[in-house]
Amino acid sequence: MTTTVALFITALAFVLVCGANDGASLLAMAVRHSSGSSVPVLLMLTAAVALGPALFGVRVARTFTEGLIPGDAAHPALIFLCGAAAALLLVLLLTWRGIPTSITLAVLGGLAGAGSGLGERPQWARLGLVLGIAAAAPLIGAAAGFAMGRGARRVPTTPGMPRLVHGAHLAAFGCQCLAYAANDGQKMFAVAAVATAGHVGGSLDTPPGLAPTVAVASVFAVGAVLSLRRVSGGASVRLLAARPWQVASAEMASSVTVFSSAALGAPVSMTQTVIGGLVGAGASEGGRRVRWQFAVPLVTAWGVTLPAAYAAGLLAGLLARGVTA
């Protein structure tokens, strides 16, 4: 009973922080380069998150619940609780200190550390594969952004070009929302499913129903709205004095990359892939267009978040092991 309550509280806080981090970052770029109210883009993102499991299944979510924790683990729900809680606390701490981070990396590291702390051997081969794909995603996004940026520059200028670019931006953002729902956003449903079921095995045998998906999407939207102003001047904005066609190129490039990773069941960071897409789109006009110092946070997130999350998860697992012994 205590573990179930703790899982529920952790899940609620986790989804809220995902909205504040992931959702606000995606919205900040969309709002900055769209005309009119921010409400339509918020509704697009929220609807995509809610419909994600029904449209794309839960393969990526099951990577978190079943792909990283040994199937014969003695206390899988406790491993998941310790790993998710450690990841959540670490992200809050690093964000408060102004250190770049990634929730997806934090969860992966936290689960591995918690498993080790509770005496289980994490599935290192699977984790290594997932991390390899996650590391490649921003690079692939940069290459795709470069190619799409080059292509966009060759489109002839017409009197209706501003309207065309605006429409392309909205379409690209819609694809980005769906890609997030198919991949990175599924970590929220993994945590929510375990919290609701009270156990890990079988918690995602079928996609969650309408009520839980709407609840997750609603909490996510609240977090995004609350944090939108805070992240509006983040690295993705300062990285490049982006033109609307460059933003559309970066959004489409990141969407293709993240969708491809979802097909492999590998969770990747949408925000990091977007940064890669922006770098590529900006570099298509020349390397000097990119303010490279603002790309450093992407590397910093890997250098800090992953080992710190493993250490935090390991400590949480050791403490839980001592309590349950």
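Assess whether Val130 counts as being touching a Phe, Trp or Tyr at 6+ places or on another chain (Cβ under 7 Å) and among the aliphatic types (A, V, I, L, M).
Considered against the rule, which asks whether it is touching a Phe, Trp or Tyr at 6+ places or on another chain (Cβ under 7 Å) and among the aliphatic types (A, V, I, L, M), Val130 comes out as no.
Which of (1) surrounded by fewer than 24 Cβ atoms within 10 Å (Cβ to Cβ); (2) in contact (Cβ under 8 Å) with a residue 40 or more places away in the chain is the odd one out, the single condition Phe80 does not satisfy?
Unmet condition: (1).
Please work out which one of (1) crowded, with 18+ Cβ neighbours inside 10 Å; (2) out of contact with any Gly (no Cβ under 7 Å at 6 or more places or on another chain); (3) among the hydrophobic types (A, V, I, L, M, F, W, C) is the condition Leu93 fails and give its number.
Checking Leu93 against (1) crowded, with 18+ Cβ neighbours inside 10 Å; (2) out of contact with any Gly (no Cβ under 7 Å at 6 or more places or on another chain); (3) among the hydrophobic types (A, V, I, L, M, F, W, C), the one that fails is (1).
Of the residues that make up segment 126-144, is at least one buried (at least 23 other Cβ atoms within 10 Å of the Cβ), β-branched (Val, Ile, Thr) and closer than 24 Å to Leu12 by Cβ?
Within segment 126-144, none of the residues are buried (at least 23 other Cβ atoms within 10 Å of the Cβ), β-branched (Val, Ile, Thr) and closer than 24 Å to Leu12 by Cβ.
One line per residue, one yes/no per condition, for (1) closer than 21 Å to Thr46 by Cα; (2) in a helix (DSSP H, G or I):
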site	(1), (2)
Ala112	no, yes
Leu129	no, yes
Gly132	no, yes
Ala135	no, yes
Pro138	no, yes
Gly141	no, yes
Met148	no, yes
Pro159	no, no
Ala179	yes, yes
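Among helices (runs of 4 or more DSSP H) lying entirely in segment 213-325, which contain 2 or more residues that are at pLDDT 80 or above?
244-263, 270-283, 296-324
Only helices (runs of 4 or more DSSP H) wholly contained in segment 21-97 count here; list those with 1 or more residues that are at pLDDT below 90 and more than 17 Å from the chain's Cα centre (by Cα).
In segment 21-97, 24-32, 39-56, 76-96 are the helices (runs of 4 or more DSSP H) which contain 1 or more residues that are at pLDDT below 90 and more than 17 Å from the chain's Cα centre (by Cα).
The values are calculated or read from the model by the stated rules, or taken from the named source; none is laboratory data. Quick caveat: nothing in here was measured; it's all calculated off a predicted structure. No Cβ is skipped: glycine too gets one built from the backbone with ideal geometry, and neighbour counts run over all protein chains shown.
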